[in-house]
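To start, the structure itself, in structure tokens.
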Amino acid sequence: MQQTLPLPLTHLVGLIPEGARVFVLGCGDCATREHFGGPEECAAAAEALAAQGISVTGHYAPPEGEGICDLRVARAAVAASAEALEQADLVLLLSCPQGAPAVERATGRTVLLGTQVVVGGETGGGRRSVDECSFCDRCIARETGGLCPHSFCPKNLINGPCGGSQGGRCEVLPKRPCVWELIHRRLKAAGKLSILEGYQEPVSFRPPGTEDVGGTR
Amino acid sequence: MKLTHIVAERGFAITGEVAPPKGADPSDALAEARELARHVDAVNVTDGQGAVMRMAPIALARLMIEESIVPIWQTTCRDRNRIALQADLLAAEALGVQNALILTGDHMVLGDHPDAKPVFGLDSVQLLHVAARMRGGYDLAGNELSAPLHLCTGAVVAPEADNVELQLMKLRKKLDAGAQFVQTQAVFDPAAFARFMQRASLKDVPLLAGIIPVTSPRMARFMNARIPGVNVPTWVIQRLNEAEIGDRARVGAEIAGEIAAAVLPHCQGLHIMAQGRPALLPTILAAAGLEGRR
């Protein structure tokens, strides 16, 4: 699991484009156990967003123990809320960042991550995929349309692409699209390209739990 | 001499490029740098270009300085973490280097050590930020340096890459990060380049357009297939095809010079990548109308 916290409501509201219809989705794994994305939190978030004038088409959290990062769980969630999801423009996801890729694949919708990782670590169930989460000290995917450039780009580029993609394909993994192409397309469609202009500070590689260790000798 | 000073003095600059050797003897690479230096203001020394293991560029840069050749020391984020990258910036300055070109670097799977551990702990934008911070007297962690850095740091951009919009976005970040000059990947379309320059809004940061002489149709096809961000157009390939085989190098150099002449009014100089053929430079410069202007 990861120690993950929900984002403040004001921050969430700021992430949602004007007029977009939102479906709130949770996770049955640590998000339910740690109360940042279980059924109650999803219902509460849906209610709070609606109170802010945002159109919420519905909310859902998978049964306890079922992590949304598992594509089968994400697909089951889609089946369970097909109608409400159909009406939504984007999915507000209350899970750790690992859930985003599966939810994107299952829903075909833009995913906005409504949480932030405080400390990274292994998730339950052994479903961890290095490809889909680098366990950074902070989550960049929230600013890049739910797609993590740090994990998907073989050079971990978080400030923009290299010059190497050919026909929209990654030069290192030619079977895969360049993640920056996908991010660009997604944010352009959402009218949010300016998000990309901000400078991204270097990611911290400090092992969790070493905050009190060391210092300059 | 800093590249920015050269441009300030004369309005433009011309640079060349040499790759350090795959071996412990620098004499051939140094001879190539010497020949290039007869025609250009400064010579780039590449850092494991194409992710191929070669001599560290700092050695060749220092040897060039000893012969009064101005190096542009290239440094990539591929192989070293933030401690080593900062240490090398300090080392380069101590050895007399005044210009550093900062790149992310080609991925190792494209080179001759595909099993190497990819580092990429900083990217080019971040390393430019760090260098600017070191010029202000502090390292990335916020510790004070006993003497600040003075290196003039440059950035790269690929104007003919797949997604120009994203290239421009990243270039803006590099300028904000304190890049003091810009070099481009090879340019083949002067009209597109002019549009690119209009959108780039570089203000007073000089940009040197990348020029590669393509000396055979085979080389053109190879570049199109394998060199990222490079598009050799069909008219170039056609002219090379029409030329006698023995005359193709000269024709390729002339084409490069024609492109150079067309792009030069839109920028502050040329970065000529002669791919190990320094003898092509006089032809390129003559075709660009730059013969004897140095």
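The values are calculated or read from the model by the stated rules, or taken from the named source; none is laboratory data. On a predicted model such as this, the values are computed, not experimentally measured, just so you know. In this analysis, Cβ positions are derived from the backbone assuming ideal geometry, glycine residues included, and neighbour counts consider all displayed protein chains. Just so you know, the surface numbers come from the protein's heavy atoms only, side chains and all, with ligands and any DNA or RNA stripped out. Shrake-Rupley method; radii C 1.70, N 1.55, O 1.52, S 1.80 Å.
Between B:A92, B:A147, B:A116, B:A56, which is at pLDDT 95 or above, open to solvent by less than 10 Å² (accessible area, probe 1.4 Å) and not β-branched (V, I, T)?
Only one candidate passes the filter, namely B:A92.
List the pairs whose first member sits in the stretch A:64-78 and is within 14 Å of A:T32 (Cβ to Cβ), whose second member is among the hydrophobic types (A, V, I, L, M, F, W, C) and in a loop (DSSP other than H, G, I, E, B), and whose Cβ atoms are under 7 Å apart, counting only residues at least 6 apart or on separate chains?
A:G67/A:C27; A:I68/A:C27; A:A77/A:I68
Determine whether A:A88 is among the small types (G, A, S) and not in a helix (DSSP H, G or I).
Yes, satisfied.
If you take the residues of the stretch B:54-80 that are assigned to a loop (DSSP other than H, G, I, E, B) and charged (D, E, K, R), which of them is nearest to the other protein chains (Cβ to nearest Cβ)? Spell out the reasoning first.
First, pick out the residues of the stretch B:54-80 that are assigned to a loop (DSSP other than H, G, I, E, B): B:54-56, B:66-70, B:77-80.
If we keep only those that are charged (D, E, K, R) as well, we get B:54, B:66-67, B:78-80.
Working: B:R54: 20, B:E66: 33, B:E67: 32, B:R78: 8, B:D79: 12, B:R80: 13 Å.
Filtering the stretch B:54-80 for residues that are assigned to a loop (DSSP other than H, G, I, E, B) and charged (D, E, K, R), the one nearest to the other protein chains (Cβ to nearest Cβ) comes out as B:R78.
From the set of residues in the stretch B:14-40 that are in a loop (DSSP other than H, G, I, E, B) and closer than 13 Å to B:I69 by Cβ, which is nearest to the chain's Cα centre (by Cα)?
Filtering the stretch B:14-40 for residues that are in a loop (DSSP other than H, G, I, E, B) and closer than 13 Å to B:I69 by Cβ, the one nearest to the chain's Cα centre (by Cα) comes out as B:V40.
Among what's in the stretch B:174-192 and is surrounded by 21 or more Cβ atoms within 10 Å (Cβ to Cβ) and more than 16 Å from B:I102 (Cα to Cα), pick the residue that is nearest to the other protein chains (Cβ to nearest Cβ).
Out of the qualifying residues, it is B:A186.
If you go through the stretch B:60-69 one residue at a time, do you hit one that is under 17 Å from B:G154 (Cα atoms) and either open to solvent by less than 10 Å² (accessible area, probe 1.4 Å) or under 19 Å from the mean Cα position of the chain (by Cα) (or both)? Full working, then the answer.
Step one: filter the stretch B:60-69 for residues under 17 Å from B:G154 (Cα atoms), giving B:61.
From what is left, the residues that are either open to solvent by less than 10 Å² (accessible area, probe 1.4 Å) or under 19 Å from the mean Cα position of the chain (by Cα) (or both) are B:61.
The answer is yes, given that some residue of the stretch B:60-69 is under 17 Å from B:G154 (Cα atoms) and either open to solvent by less than 10 Å² (accessible area, probe 1.4 Å) or under 19 Å from the mean Cα position of the chain (by Cα) (or both).
Anything in the stretch B:174-189 that is part of a helix (DSSP H, G or I) and either out of contact with any strand residue (DSSP E or B) (no Cβ under 9 Å at 6 or more places or on another chain) or at pLDDT below 95 (or both)? List them, or say none.
Result: B:D176, single match.
Which numbered condition trips up B:L171, out of (1) within 21 Å of the chain's Cα centre (by Cα); (2) within 24 Å of B:A84 (Cβ to Cβ); (3) facing another protein chain (nearest Cβ under 10 Å); (4) hydrophobic (A, V, I, L, M, F, W, C)?
All conditions pass for B:L171, except number (2).
Where the second residue is not in a strand (DSSP E or B) and the first is acidic (D, E) and lies in the stretch B:142-158, which pairs have Cβ atoms under 9 Å and are six or more apart or on separate chains?
B:E144/B:G137
For B:D123, indicate whether it is of a type in the set (D, E), closer than 28 Å to B:M1 by Cα, crowded, with 22+ Cβ neighbours inside 10 Å and within 14 Å of chain A (Cβ to nearest Cβ). Full working, then the answer.
Working: of a type in the set (D, E): yes; closer than 28 Å to B:M1 by Cα: yes; crowded, with 22+ Cβ neighbours inside 10 Å: yes; within 14 Å of chain A (Cβ to nearest Cβ): yes.
Yes, satisfied.
Suppose we keep only residues that are within 14 Å of chain A (Cβ to nearest Cβ), of a type outside the set (V, I, T) and not in a helix (DSSP H, G or I) within the stretch B:150-168. Which one would you say is most open to solvent (accessible area, probe 1.4 Å)?
B:D162
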